[in-house]
Amino acid sequence: MDSSKDNTNSPQPSDEELIALTLSGKTSAFDELTRRHSRKLHSMLYQMLNSEADAYDVAQESFIKAYHSLRFFNGQSAFYTWLYTIAANHARNFIRKKKREKTVTIDDDTAGNQHEKNNELEDTSRDADPVRKAHLKDLRKKLRAAIDQLSPAHREVVTLSDIAGLSYPEISKMLNISEGTLRSRLHYAHKHLQSLLADEM
């Protein structure tokens, strides 16, 4: 029997294995970590910053910080949770800087349409009903507009819980708040969103 086998279906290395390879000097392993998590991280940052360009810049800064701090990753949480903690800190600093400069971010329609392709609500079925697709597109716009009206703190917990799907313990640890505080913020944010969306329906 020929011992040579096609490795195309071989299991992909785990994040932990890629981290170990990176720390051993194989920088291409971190390139794979970046490819693996960049789309999701960028999507989450867009929800927080409401700008494709800003989300890209903060994501790049976050990956650079993660690479230089990788030796401090202790494995007590998932790599993505650790990475998002870094990104969330960068995003908060970015928002504070924007406020200090008193600048106003104006949505770019083209960038917004591009981002919609990655939105969780998009129906990617080949036979998707055109009416349903139009309804989902309209819903996305209303939800995006409503989320934009939340405070940064409430937008952050909605993004992490409802969009990223992280657990309460993960978010609490990430934001350094109690689960009680997290639940309170989510409750208030959800009520605010319901009120905003009710006005649009």
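If you go through the range 163-188 and keep only what is closer than 25 Å to residue 39 by Cα and touching a residue at least 24 places away in the same chain (Cβ under 8 Å), you end up with 163, 164, 166, 170, 173, 174, 175, 186. The set of residues from the range 151-176 being hydrophobic (A, V, I, L, M, F, W, C) and either open to solvent by 30 Å² or more (accessible area, probe 1.4 Å) or touching a Gly at 6+ places or on another chain (Cβ under 9 Å) (or both) comprises 153, 163. Annotation: of all residues in the range 33-53 being of a type in the set (Ser, Thr, Tyr) and under 12 Å from the mean Cα position of the chain (by Cα), the one that is surrounded by the most Cβ atoms within 10 Å (Cβ to Cβ) is 46.
Of the listed requirements (1) under 30 Å from residue 148 (Cα atoms); (2) crowded, with 16+ Cβ neighbours inside 10 Å; (3) at pLDDT 90 or above, residue 30 misses just one: (1).
Restricting the range 148-171 to residues that are among the hydroxyl-bearing types (Ser, Thr, Tyr) and at pLDDT below 90 leaves a set whose member that is nearest to residue 79 (Cα to Cα) is 167. When the range 3-20 is limited to residues that are open to solvent by less than 70 Å² (accessible area, probe 1.4 Å) and modelled with pLDDT of 90 or more, the one that is farthest from the chain's Cα centre (by Cα) turns out to be 20. Scan the range 54-82 residue by residue and report those that are touching an Asp or Glu at 6+ places or on another chain (Cβ under 8 Å) and either basic (Lys, Arg) or surrounded by fewer than 16 Cβ atoms within 10 Å (Cβ to Cβ) (or both). Hits for the range 54-82 are 75, 78. State whether the residues of the range 99-107 include one that is open to solvent by 40 Å² or more (accessible area, probe 1.4 Å) and at pLDDT 90 or above. Scanning the range 99-107 turns up no residue that is open to solvent by 40 Å² or more (accessible area, probe 1.4 Å) and at pLDDT 90 or above.
The values are calculated or read from the model by the stated rules, or taken from the named source; none is laboratory data. Treat the numbers as computed from the prediction; the structure is a model and nothing was measured. Cβ: placed from backbone, ideal geometry, glycine included. Neighbour counts: every protein chain shown. Accessible surface areas use protein heavy atoms only, side chains included; no ligands, DNA or RNA. Shrake-Rupley method; radii C 1.70, N 1.55, O 1.52, S 1.80 Å.
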